[in-house]
1. Can you pull out the residues in segment 28-53 that are modelled with pLDDT of 95 or more and either assigned to a strand (DSSP E or B) or on the phi > 0 side of the Ramachandran plot (or both)?
2. Do you know which residues across segment 54-65 are surrounded by fewer than 20 Cβ atoms within 10 Å (Cβ to Cβ), in contact with a helix residue (DSSP H, G or I) (Cβ under 9 Å, 6 or more places away or on another chain), at negative phi and not in a loop (DSSP other than H, G, I, E, B)?
3. Is there any pair with a first residue in segment 40-52 that is in the same structural domain as residue 19 (by TED's automatic domain parsing) and a second that is in a helix (DSSP H, G or I) and surrounded by fewer than 20 Cβ atoms within 10 Å (Cβ to Cβ) whose Cβ atoms are under 9 Å apart and which are 6 or more apart or on different chains, and what are they?
4. Check 84, 159, 121, 145 and return the single one that is assigned to a helix (DSSP H, G or I), at pLDDT 90 or above and under 30 Å from residue 59 (Cα atoms).
5. Could you check, for segment 103-112, whether at least one of its residues is modelled with pLDDT under 90, surrounded by 17 or more Cβ atoms within 10 Å (Cβ to Cβ) and over 17 Å from the mean Cα position of the chain (by Cα)?
6. Taking segment 147-159 only, how many residues are touching a helix residue (DSSP H, G or I) at 6+ places or on another chain (Cβ under 8 Å) and either surrounded by fewer than 19 Cβ atoms within 10 Å (Cβ to Cβ) or over 12 Å from residue 121 (Cα atoms) (or both)?
């Protein structure tokens, strides 16, 4: 007897509105564990809105999002939730790059995070910039820092909004 495959993340019948504008209208989506999926559409098609619903940032007007077999809202507050890297990441002005990684590690209860953080910074070409503030980084460097922060959280599902937009061609081709 073969066991039923449970998707890593699934959306069923999602509806989301901005005032009278319907950004999502009955969206169904299934993301399988270990898969890389691409969401394509024109500007204003609702891609970012969908990603924000999948990450739990927005609550859909109707429909549901499940992580594994559980409703997304039932997942632990932080651990195991999808992590979204938005197209324009936000950073705390008072924290440098290393402190952002430390903050994330504390938020997610990670111990002995320093080695992984250093590896991620090196993989993204940010080694040597640990003490710099994100506001001094180029847009591409900011996105790479956001990727390092997201990966340090060890998300069950990593959602990327416009992942190649701010990255130079060399960075876009380099796996972390």
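1. Correct list: 28 only.
2. Within segment 54-65, just 64 meets the criteria.
3. From segment 40-52, the pairs are 40/47; 41/47.
4. 145
5. Yes, some residue in segment 103-112 is modelled with pLDDT under 90, surrounded by 17 or more Cβ atoms within 10 Å (Cβ to Cβ) and over 17 Å from the mean Cα position of the chain (by Cα).
6. 4
The values are calculated or read from the model by the stated rules, or taken from the named source; none is laboratory data. The model shown is predicted, which means the values in this text are computed figures rather than measured ones. Using ideal geometry, Cβ is built from the backbone for each residue, glycine included, and neighbour counts are taken over all protein chains shown.
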